[in-house]
Amino acid sequence: MTTPHPQIGGSHHPTPVLGSMGPSEWGDIYAGRPDWDLGRPQSAFRALADEGALRGRVLDAGCGTGEHVLMCAELGLDVTGVDFTPAALKAAKNKAIDRRLTARFRQHDARKLGDLGESFDLVLDCGLFHVFGDEDRVAYIDSVRSVLVPGGRWYILCFSDQQPGNQGPRRSSRDELTAAFTDGWQLDSIDPRTLDSDHYPDGVQGWLVALTRKEDRC
């Protein structure tokens, strides 16, 4: 479930923490076009696709209306998108039909991915990580690890503490992100990236985090 970018003029309230809202409340947001639904993939993830970094069985955690899932489907990848919100998934499925693409969409809590009973080679997260509070963030990280194969990759695109103001999602510093991924993860890179936004022509300051799941210890 991707999250709103701040709007000019201060009219946008801070993003609610995911655990504080149910599917019906998120559904109310998706009744219109959410601020974060650009109708196209984020440039940072499109660049990964162009570089050939997306491969294997892919999971988009918090897929929203499915733009990154459908980008993977266009590449011929076996891809699944999960989201908390039925309205978002309905829109995603309609896009897949309209574009004649094959992808799976499932309503599911990203903090409990192990319940899917599946494993993946790659996980994408565009704007989900930064909606979690501290406790849910730990649960989410463990959840992703439970479905990602050893050696599998995880790419996270999230808001940076370099973004001015306090509207929109939670900001993360480089040090905060480094500290979050210590147990069972190899932190490959944390690079500044711009998140595309309809409200800011120059985009929003973010981080692209690249992780590899370590082998389980005996």
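The values are calculated or read from the model by the stated rules, or taken from the named source; none is laboratory data. Just so it is clear, the model here is predicted, and its values are computed rather than measured. For neighbour counting, all protein chains shown are included, and Cβ atoms are generated from backbone atoms with ideal geometry for every residue, glycine included.
Points to keep in mind about this one:
So that you can scan it fast, the table gives a plain yes or no per residue for (1) touching a Pro at 6+ places or on another chain (Cβ under 6 Å); (2) modelled with pLDDT of 90 or more; (3) in a strand (DSSP E or B); (4) within 19 Å of Val138 (Cα to Cα):
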| position | (1), (2), (3), (4) |
| --- | --- |
| Trp154 | no, yes, yes, yes |
| Phe159 | yes, yes, yes, yes |
| Asn166 | no, no, no, no |
| Pro169 | no, no, no, yes |
| Ala179 | no, yes, no, yes |
| Leu187 | no, yes, yes, yes |
| Ile190 | no, yes, yes, yes |
| Pro201 | no, no, no, no |
| Trp207 | no, yes, yes, yes |
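- Here the strands (runs of 3 or more DSSP E) wholly within the range 60-127 that include at least 1 residues being surrounded by fewer than 19 Cβ atoms within 10 Å (Cβ to Cβ), of a type in the set (S, T, N, Q) and in contact (Cβ under 8 Å) with a residue 24 or more places away in the chain are 104-107.
- The residues in the range 36-47 that are surrounded by 22 or more Cβ atoms within 10 Å (Cβ to Cβ) and part of a helix (DSSP H, G or I) can be counted, and the count is 1.
- Cβ separations smaller than 7 Å between residues 6+ apart or across chains give the following pairs from the range 178-204 residues that are over 16 Å from Ile156 (Cα atoms) to residues that are among the basic types (Lys, Arg): Gly184/Arg145; Gly184/Arg213; Gly184/Lys214.
- Matching residues, the range 209-218, being outside any strand (DSSP E or B) and either surrounded by 14 or more Cβ atoms within 10 Å (Cβ to Cβ) or of a type in the set (D, E, K, R) (or both): Lys214, Glu215, Asp216, Arg217
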